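Asker: Structure provided below as structure tokens; questions to follow.
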Amino acid sequence: MEKTPYVGPFLRIIASVYDFFLLLGVWFLVGSLALWLNDGKILHPAIGSLLVLMSGWAFFAFFWMKNGQTLGMQVWKFKIVNTDPNQNKITLKQTLLRFLVNCGMLTLLGMPLFLIYVDPKKLAVNDILSKTRLEKIN
């Protein structure tokens, strides 16, 4: 089996677990601030859900746009790159698209990740739709 610069489903899931625990801290902070700003009254569930989605996207967008890696991705030594040769870093639009597709993949229990095994370029659904890819680094 030849080595590939692309990242398989297992490493993607493991890095996501790392990032999930970091994201929990962000959600606790956002929730605490929202509760404090609302004089201690519980927010409407729709507003709470929106805060969770927006803060989650902001978390990933910040790291992906800054250096192409979340902390979980740094640990497992891979990063996100733009497939457009004219652009080095990914755009805000690409982060939003990738985040939304990742949320959809989560609801499908990660099954779309296994497209990597049949795609000739070793890309998953989120890579293809956002025009990005994950690459191993040394």
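Asker: Take the Cα coordinates of segment 14-73, assign each an equal point scatterer, and use the Debye formula without solvent to give log10 I(q)/I(0) at q = 0.12 Å⁻¹.
Answerer: Relative scattering, expressed as log10 I(q)/I(0), comes to -0.33.
Asker: Could the peptides 52-64, 33-45 be put in order, highest first, of the mean number of other beta-carbon atoms found within 10 Å of their residues?
Answerer: 52-64, 33-45
Asker: Continuing with the same structure: Provide Rg and Dmax in Å for segment 60-127, with only Cα atoms included in the calculation.
Answerer: 12.3, 34
Asker: Right, something else. Can you list the lysines whose alpha carbon is less than 30 Å from that of Lys66, not counting same-chain residues fewer than 8 positions off?
Answerer: Within reach: Lys3, Lys77, Lys79, Lys89, Lys93, Lys121, Lys122, Lys131, Lys136.
Asker: Just subtract the alpha-carbon distance of Ile47 and Ile14 from 0.36 nm times their residue separation and send over the number in nm, one decimal.
Answerer: 8.9 nm
Asker: Starting at 0 and stepping by 10 Å, how many percent of the alpha carbon pairs of the chain end up in each bin?
Answerer: In whole percents, the pair-distance histogram is 11, 40, 31, 13, 4, 1.
Asker: For the pair Ala58/Ile128, report the inter-label distance in nm, with labels modelled 7 Å from Cα in the Cβ direction.
Answerer: With each label placed 7 Å out from Cα toward Cβ, I get 3.3 nm.
Bear in mind these aren't lab numbers, they're just calculated from the coordinates by the rules spelled out. Here the structure is a predicted model, which means the values were calculated and not measured. Every residue, glycine among them, receives a Cβ derived from its backbone with ideal geometry; neighbour counts consider all protein chains shown.
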